[in-house]
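Presented below is the structure to which this report refers.
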Amino acid sequence: MNTENIQTPIQKLGNDKSNTLYIKREDMLPYSFGGNKARKALLFFEEIDRGDYTDVVTYGSSSSNHVRVVANLSAARGMNCHIISPKEASEPTFNSALRELLGAKAVTVPVEEVHDTIEAKLKEIKDRGGRPYFIPGGGHGNIGTQAYVECFEEIKQYETDNNIKFDYIFFASGTGTTHAGLAIGKMLYEDPVKIIGISIARPNPRGRNVVLESVKDYLNDIQNMKLPGNMHSPDRLPSIETIEEAVIFEDKYIGEGYARETSVDIIREVFIKYGIPLDSTYTGKAYNGMCEYIKEHGIKDRNILFIHTGGTPLFFDTLGKL
Ligand SMILES: *Cc1c(COP(=O)(O)O)cnc(C)c1O
């Protein structure tokens, strides 16, 4: 299957009070229910396909979108897929059912044993003559960041084609690579757009620091990155001040923390109004956070883009509670 050059649509949702709201449908990326984990994992598998690997090892909970996509891409290649999962989040979900369907083997351990279990799994595979490839949880790392530098390029292309300019971009920020990729795109374009990651779990300063680390890791290796479209490797890397200014990580709307049902009202409302499924772990919280942020900051007469980062199976986990 060819998934190169796939772009996701941007839809105009209309005028929400005094701003014009758009949505980029990463959830409609046409592979395994899409989402940002699909965009990232497709790039990881380009690297896997260039190598000679037998097994894929990664980390994620039973509700993980990342695990679903990695299990799917592995199964399609006939590769063994091993998932290390934290016991703390191991209740059955639609994503875990899909993982089982796809034949990925999950090992569930207490969260403090995750690191050692991954090491042991990699060793076990090598000891029996296999060649494992490890994908960090959530598709973290420069390859994951690259996926969202490319996404930023798509957004710029949309602006050019439609003769509009976004003033704000909002989305759910978790492990930081989605956020980092978008912030790097902004800096390379010297674009004034405000990129605001709504934290879905981590408080500041840690949450923001993880994004900053991802930005710096990528910039330090930028010579080896394939920059899309009109982006060029800068002669001088952005200063620390520029980076700090580009990364806005808002931790005010986490609600009761990761995976809690804080956003059912907004999920119901958005589905009824637009026919777009959000979920209670990521996109529902981020959408709600965006609405609150717009109100609190008195934002008016602006073009606002919400990035729907995916998680369609999670919508169905929530459906019974709507
Ligand atoms: C993982 C995930 C996020 C967060 O992405 P990060 O790159 O980890 O910050 C947001 N939305 C959905 C649906 C996700 O699965």
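Nothing in this text is a laboratory measurement; each read-out follows from the coordinates by a stated rule. The model shown is predicted, which means the values in this text are computed figures rather than measured ones. We place every Cβ from the backbone using ideal geometry, glycine too, and count neighbours over all the protein chains shown.
Here's how it looks for residue 16: its modeled amide H is under 5 Å from those of 21, which are all 5 or more places away or on a different chain.
Summing charges over all other residues whose Cβ lies under 12 Å from the Cβ of residue 54, with Lys and Arg as +1 and Asp and Glu as -1, gives +2. Run the dipole for the chain about the Cα centre, Lys and Arg Cβ at +1, Asp and Glu Cβ at -1, nothing else charged, and hand back the magnitude in debye, nearest 20. Computed charge dipole of the chain: roughly 460 debye.
With all projection directions averaged, the alpha carbon convex hull of region 247-322 covers 5.5 nm².
Relative to its residue count, region 164-322 spans a Cα convex hull of 130 Å³ per residue.
Rounded to the nearest angstrom and listed largest first, the equivalent-ellipsoid semi-axes of the chain from its Cα gyration tensor are 31, 24, 18. Note on residue 90 and residue 15: the model spin-label points, each 7 Å out from Cα along the C-beta direction, lie 5.4 nm apart.
Quick one: net charge around residue 276, please, counting Lys, Arg +1 and Asp, Glu -1 for every other residue with C-beta under 10 Å from its C-beta.
On the way: positive: 25, 273; negative: 27.
Taking every other residue near residue 276 into account, the sum is +1.
Take every Cα pair under 8 Å whose residues are at least 6 apart in sequence, average their separation, divide by the length of the chain, and the relative contact order is 22 percent. With distances taken between every two different alpha-carbon atoms, region 15-170 has a Kirkwood hydrodynamic radius of 17.0 Å. Charge tally for residue 18 (other residues, Cβ to Cβ under 13 Å; Lys, Arg +1; Asp, Glu -1): +1. Extending 7 Å from the Cα toward the beta-carbon at both residue 268 and residue 131 defines two label points whose distance is 5.4 nm. Projected label points at residue 292 and residue 209, each 7 Å from Cα along the beta carbon direction, are separated by 2.4 nanometres.
In region 258-322, which trypsin sites (Lys or Arg not before Pro) are in a loop and have at most 14 other Cβ atoms within 10 Å, using DSSP for the loop call?
260, 300, 321
R0 = 22 Å: FRET efficiency of residue 120 with residue 54, Cβ-based, nearest 0.05? Approximately 0.80, to the nearest 0.05. Based on alpha-carbon centroids, what's the gap between region 262-306 and region 147-199 in Å, whole number please? So the separation of the two Cα centres works out to 18 Å.
Backbone geometry of region 13-22 corresponds, through the Karplus equation with coefficients 6.51, -1.76 and 1.60 at θ = phi - 60°, to 3J(HN,Hα) couplings of 8, x, 8, 9, 6, 10, 10, 9, 9, 10 Hz, x marking Gly and Pro.
Between the amide H of residue 84 and those of 58, 59, 60, 107, distances stay under 5 Å, these residues lying 5 or more places away or on another chain, with hydrogens modeled in the peptide plane.
Exposed loop sites here are GluC sites (Glu not before Pro) assigned a DSSP state other than H, G, I, E or B and surrounded by at most 16 other beta carbons within 10 Å; excluding them, the longest clear run of the chain is 5-189. Taking the DSSP beta bridges in region 1-149 as the whole, what percent of them are antiparallel, to the nearest 5? Around 30 percent of the beta bridges assigned by DSSP in region 1-149 are antiparallel ones.
For a quick check: sort 121, 17 by the number of other beta carbons within 10 angstrom, fewest at the front.
Working: 121 19, 17 10.
Least crowded to most crowded, the residues run 17, 121.
Can you tell me what the convex hull of the Cα atoms of region 21-106 projects to on average, as an area in nm²? Could you put the intermediate results ahead of the total?
Details: hull surface 25.0 nm².
Averaged projected area of region 21-106's Cα convex hull equals 6.3 nm².
Sorting the segments 181-188, 8-15 by their mean number of nearby beta carbons within 10 angstrom, highest to lowest, gives 181-188, 8-15.
Where does each of 274, 287 land when they are ranked from fewest to most other beta-carbon atoms within 10 angstrom?
274, 287
Computed from phi, the 3J(HN,Hα) profile of region 145-157 under the Karplus parametrisation 6.51, -1.76, 1.60 (θ = phi - 60°) reads 5, 3, 4, 8, 5, 5, 4, 4, 4, 4, 5, 4, 4 Hz, with x in place of Gly and Pro. Taking a ≥ b ≥ c as the square roots of the eigenvalues of the alpha carbon gyration tensor, region 83-123 is oblate, as a/c is not under 1.5 and a/b does not beat b/c.
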